[in-house]
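K.L.:
Below is one structure. I have some questions about it.
The values are calculated or read from the model by the stated rules, or taken from the named source; none is laboratory data. As the structure is a computational prediction, the values presented were derived from the model and not from experiment. Cβ: placed from backbone, ideal geometry, glycine included. Neighbour counts: every protein chain shown.
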Amino acid sequence: MSKPILLVEDNPHDQELALIALERANLATETVVVNDGVEALDYLLYRGAYASRLPGNPAVILLDLKMPRMDGIEVLQAVRADEQISQIPIVMLTSSNQETDLAKSYELGVNAFVVKPMDFQELVKAVSDIGAFWAVLNVPPGGSLKFPSGLQ
């Protein structure tokens with residue numbers, strides 16, 4: 001059984017590619033897409049347009065690094081600092097391969113750092129693999145929207 005994925009990506013083209021990849025992994029119906037870090041925190045903390053969303057955390061956050069208003073590092077920092085959402089797995093999914101971005105992400109507690117492949121088929125495989133692992137195979141922390149049977 002798949003669990004919801006939060007995709008935080010400001011580029012509409014990259015959003016579309018990620019959704020195609022998740023669809024091919026049969027995970028697209030469980031994906032929430034937000035356009036930047038501010039909107040991601042609004043979703044996670046039930047603020048603004050997301051104040052009345054269903055309770056529970058996503059199984060994983062797929063987080064772009066370079067975004068306007070609030071970048072991925074700032075989102076990662078905010079999530080890890082908030083006790084209610086700090087245990088949500090976060091995968092940095094970015095085109096950046098800078099050592100400083102990688103080091104800072106791991107220093108702040110990212111679960112994985114994946115550089116987006118340039119080839120479409122490789123990107124589809126990478127996103128499918130990430131989504132399948134975190135939303136299907138991984139047992140999520142308490143507070144996630146869905147649990148495997150018998151764990152609630």
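K.L.:
Any residue at all in segment 114-127 that is free of Cβ contacts under 8 Å to residues at least 60 places away in the same chain and buried (at least 19 other Cβ atoms within 10 Å of the Cβ)?
P.N.:
Among the residues of segment 114-127, not one is free of Cβ contacts under 8 Å to residues at least 60 places away in the same chain and buried (at least 19 other Cβ atoms within 10 Å of the Cβ), which makes the answer no.
K.L.:
Name the single residue, out of those in segment 82-95 being in contact (Cβ under 8 Å) with a residue 24 or more places away in the chain, more than 27 Å from residue 118 (Cα to Cα) and of a type outside the set (Asp, Glu), that is surrounded by the fewest Cβ atoms within 10 Å (Cβ to Cβ).
P.N.:
84
K.L.:
Is there a residue being touching a Ser or Thr at 6+ places or on another chain (Cβ under 6 Å), within 22 Å of residue 132 (Cα to Cα) and aliphatic (A, V, I, L, M) anywhere in segment 32-54? Reasoning before the result, please.
P.N.:
Within segment 32-54, the first condition is being touching a Ser or Thr at 6+ places or on another chain (Cβ under 6 Å), and the residues that meet it are none.
No - not one qualifying residue is present in segment 32-54.
K.L.:
Within segment 30-57, track down each residue that is modelled with pLDDT under 95, out of contact with any helix residue (DSSP H, G or I) (no Cβ under 8 Å at 6 or more places or on another chain) and not small (Gly, Ala, Ser).
P.N.:
Once the filter is applied, which keeps residues that are modelled with pLDDT under 95, out of contact with any helix residue (DSSP H, G or I) (no Cβ under 8 Å at 6 or more places or on another chain) and not small (Gly, Ala, Ser), segment 30-57 yields 54, 55.
K.L.:
Moving on. Counting only residues that are charged (D, E, K, R) and outside any loop (DSSP other than H, G, I, E, B), which one in segment 82-102 is nearest to residue 14 (Cα to Cα)? Steps first, please.
P.N.:
At the first step, the residues of segment 82-102 found to be charged (D, E, K, R) are 82-83, 99, 101.
Filter once more, so that each one left must be outside any loop (DSSP other than H, G, I, E, B): 99, 101.
Working: 99: 22, 101: 19 Å.
Among residues in segment 82-102 that are charged (D, E, K, R) and outside any loop (DSSP other than H, G, I, E, B), the one nearest to residue 14 (Cα to Cα) is 101.
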